[in-house]
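Worksheet for the structure shown next.
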Amino acid sequence: MIAVQHAVDPLSVPSDAPEHCPGTESELAGKTDACAGCANQDICASGETKGPDPALPLVRERMSSVKRKILVLSGKGGVGKSTFTAQLGWAFSADDSVQTGIMDVDICGPSIPTILGIASEQVHASSSGWSPVYVQDNLGVMSVGFMLPSSKDAIMWRGPKKNGLISQFLKDVDWGDLDYLLVDTPPGTSDEHLSIVQYLKESDIDGAVVITTPQEVALQDVRREIDFCRKVGIRVLGVVENMSGFVCPSCKTESQIFKPSTGGAKRMAVEMKVDYLGAVPLDPRIGKSADYGVSFLDEYPDSPASIAYMDIIDSTQFTLALCFIALILCP
Amino acid sequence: MAADETPVAKRLKSIKHIIIVCSGKGGVGKSSVSAQLALSLYASSPTARVGILDVDLTGPSIPRMLGLDGRGVLQSSEGWVPVYADGSEARLGCMSVGFLLKRKEDSVVWRGPKKNAMIRQFLSDVRWGELDYLVIDTPPGTSDEHLSLLEHMAPVHSRLSAVIVTTPQAVALMDAMKCLSFTRTVNLPVLGLIENMSGYVCPCCGEVSNVFSTGGGREMARQEELTLLGSLPVDTELVTLLDAAESADSEQAADELSHGTERTFQLIDQYQRTSSSKLFKPIVEGVISALAVSSGTPQASSAEDAKIES
């Protein structure tokens, strides 16, 4: 039987490496058969690459004024990563004294600008770097969506170009002092994810919130995403089950659109030994709010979905605080 | 000249039509549409031979949907043998990175160059044999996988076409537009647009709720002068069927092989009983006739008397 191989440390393979690159930090760097013909073979062989990436100190400096960095992940697309990120941003920034930033690293399909209602804005450069677009005083956003001439334009980039932009988002954006930086990611476990983890390696990511929907097809991908987090050493703050149940607006009966045929996120969380943060029901008004770029939490504060969101956001903050205490007690 | 042919071109020579299913956004139902397209094309004629290739390398869903979880790929002297969903009849072949993973929760953490290599291998090393249709399910976005696919398939470009899947929400339509720009940039003919998750029928009272808004696909098709192949509502029956398609544990795999025929007929029978399959019929007929027009070959008889509902 044929099987894929995972031999090398995924974090140390450069984005433009040949397909069997052993990783720049490996003992074999510059010396394997795969290295023959690689433009960087000499550099690898000289041992220089065992040192850190030159962008890392710049990222570290920028990120030193950011207290908490949270990734929003999911193996599967369309489960509500961006919507959740936006709600989290709105909920955090409801407190005037909390500064929040949202960074959208979904380069090929940026949805954050639309969901936050700032799709027509542009990024301005100043002497201290690129200024994020502000939704309100204490909620700054950076996305590739602000840099396109038209929303119809497709970005057809391969990995290395995407990585270049992500490093710029981290080192060139003038985030200022932030309490939270939320990173919205594209689906999958590929270039964008590896890059963000790599660049933030020295600045410590506080953890990742993993979003899923109840059906097994999505859970399968989410298990892979959790496996990825373990491989690269990111703490999973918890799993959120989105689109869980639908209440018919006419007869008020709840039905399961995406049936949890294998026990849903709750059972998956137990199996994978991660926390289960809660479930958000499917409400057509959530999608509509996202299309119009308004905050669902503000528009419908009493709906069951808003209450579910707030519970999840509270437990996320609680988990973060626990992590923080644990860090102080046993550094 | 045969000497100039790339391995991919050589391998794909025996495939009549290649349909790429794409969408800018994730989770709009590319994989379920691909699976339905493959099943419906398979059912469209008793001799149709269909292949389905899943190039979503970091999130393969096709094996689960076709009930092929846990199966493995075998090597033969002529290349990798696809996993046949219909057992011994061997008319519906399937290839996915999901078949190459030792444990199903293993993540595939690859950067572009490795993904590119895997796609090239899928295209050049899989022994599809003679195929009428090869359906390619892609990951969301317009990045490495898509560029690699088109790059490697450049020698067979005249047989390529695309189907774009979207949901009616503005957010998804925006990404679908990006996908359309992509197909235009790379000169890929678009057969049409499928609007998925367009409404949900409450199983209790029958009320139709527009869970993800409505009509967006039709509007986009009109503005961009695309064919709207059809609108599909959320069908819980289908979700359950594709989701729970019984998986084979690896120890049962051997046992599975002998029972393969019987079991997949079940999948296709079950599929044909869902309401989605009825809605999908005109879509497939639309696809077949669009393909016949674009390649200039006489139409298949089933397509000729097809009434494409608008």
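Pick out the long, greasy-scoring helices in chain B: whole DSSP H runs spanning 18 Å or more along their own axis by Cα, mean Kyte-Doolittle at least -0.5.
Helices meeting the span and hydropathy rule in chain B are B:30-44, B:170-185, B:275-295.
Rounded to the nearest 5, what % of DSSP beta bridges with both residues in chain B are antiparallel?
20 percent
With every protein chain kept in the model, how would you rank A:Y309, B:Y133 by accessible area, 1.4 Å probe, largest at the top?
Putting A:Y309, B:Y133 in descending order of accessible area: B:Y133, A:Y309.
So what is the calculated 222 nm ellipticity per residue for chain B, using -39500 (n - 2.57) for each DSSP H run with n of 4 or more, over all residues, to the nearest 500 deg cm²/dmol?
-12500 deg cm²/dmol
Taking 8 Å as the Cα distance limit and 6 or more residues as the minimum spacing, I'd like the relative contact order of the range A:176-279 as a percentage.
With pairs under 8 Å counted, the relative contact order is 28 percent.
Rounded to whole Å and sorted largest first, list the principal axis extents of the Cα atoms in the range A:197-331.
54, 33, 26
What's the magnitude of the charge dipole for chain A around its Cα centre, counting Lys and Arg as +1 and Asp and Glu as -1 at the beta-carbon? Answer in Debye, nearest 20.
Approximately 660 debye in magnitude.
Just for the Cα atoms in chain A, what are the lengths along the principal axes, largest first, rounded to whole Å?
69, 56, 50
Cut-off 10 angstrom, C-alpha nodes, Gaussian network model of chain B. Which of B:R111, B:R159, B:R49 fluctuates the most?
The residue with the greatest mean-square fluctuation here is B:R111.
Would you kindly give the portion of the calculated P(r) for chain B that falls above 26 Å, as a percent of all Cα pairs?
Roughly 43 percent, once rounded to a whole number.
So which of A:K81/A:K161; A:K152/B:K25; A:K152/B:K114; A:K69/A:K171; A:K81/A:K288 end up more than 18 Å apart, counting from Cα to Cα?
The answer is A:K81/A:K161; A:K152/B:K114.
P(r) for the range A:77-173: what percent of alpha-carbon pairs falls in each 5 Å bin, starting at zero?
P(r) over the range A:77-173, rounded to whole percents: 2, 13, 23, 24, 22, 11, 4, 1.
I need the P(r) histogram for the range A:21-157: all alpha carbon pairs, bin width 5 Å from 0 out to the longest distance, whole percents.
It works out to 2, 8, 14, 15, 14, 13, 11, 10, 8, 4, 1, 0, in whole percents.
Relative contact order of chain B, please, whole-number percent, based on alpha carbon pairs below 8 angstrom and at least 6 residues apart.
It rounds to 23 percent for chain B.
Using a 1.4 angstrom probe with every protein chain in place, what is the largest-first accessible-area order of B:H152, A:H193?
Ranked list, largest accessible area first: B:H152, A:H193.
Let me know the charge dipole size of the protein assembly as shown about its Cα centre in debye, to the nearest 20, where only the beta-carbon of Lys, Arg (+1) and Asp, Glu (-1) is charged.
It comes to approximately 800 debye.
Kirkwood hydrodynamic radius for the range A:101-145: how many Å is it when counted over pairs of different Cα atoms?
Evaluated over the range A:101-145, this radius sits at 10.7 Å.
Given points 7 Å out from each Cα along the Cα-Cβ axis, report the A:K266 to A:E202 separation in nanometres with one decimal.
Those two pseudo-labels are separated by 4.5 nm.
Rg and Dmax in Å for the range B:123-196, alpha carbons only: what are they?
13.3, 41
Sorted by accessible area with a 1.4 angstrom probe, largest first, how do B:L147, A:L56 fall?
Heavy-atom accessible area, descending, gives B:L147, A:L56.
Given an 8 Å cut-off on Cα distances and at least 6 residues of separation, report the relative contact order of chain A as a percent.
Taking the mean separation of contacting Cα pairs over the length of chain A, I get 19 percent.
Can you list, bin by bin at 10 Å, the percent of alpha carbon pairs in the range A:125-198, starting at 0?
16, 48, 33, 3
Using +1 at the Cβ of each Lys and Arg and -1 at the Cβ of each Asp and Glu in the range A:103-186, identify which of A:S167, A:Q136, A:A119 lies farthest towards the dipole's positive end.
A:S167
Comparing B:S34, B:S107, B:S44, which has the greatest mean-square fluctuation in the GNM of chain B with Cα pairs linked when under 10 Å apart?
In the Gaussian network model the winner is B:S107.
Using just the Cα positions, wrap the protein assembly as shown in a convex hull and report its mean projected area in square nanometres, one decimal place.
Average projection, Cα convex hull of the protein assembly as shown: 29.1 nm².
The values are calculated or read from the model by the stated rules, or taken from the named source; none is laboratory data. Since the structure is predicted, the reported quantities are computational estimates derived from the model, not experimental observations. Methodologically, a virtual Cβ is constructed for each residue, glycine included, from the backbone with ideal geometry; neighbour enumeration extends over all protein chains shown. The protein model used for the area step is the full one, side chains on, heavy atoms only, and it has no ligands, DNA or RNA in it. Shrake-Rupley method; radii C 1.70, N 1.55, O 1.52, S 1.80 Å.
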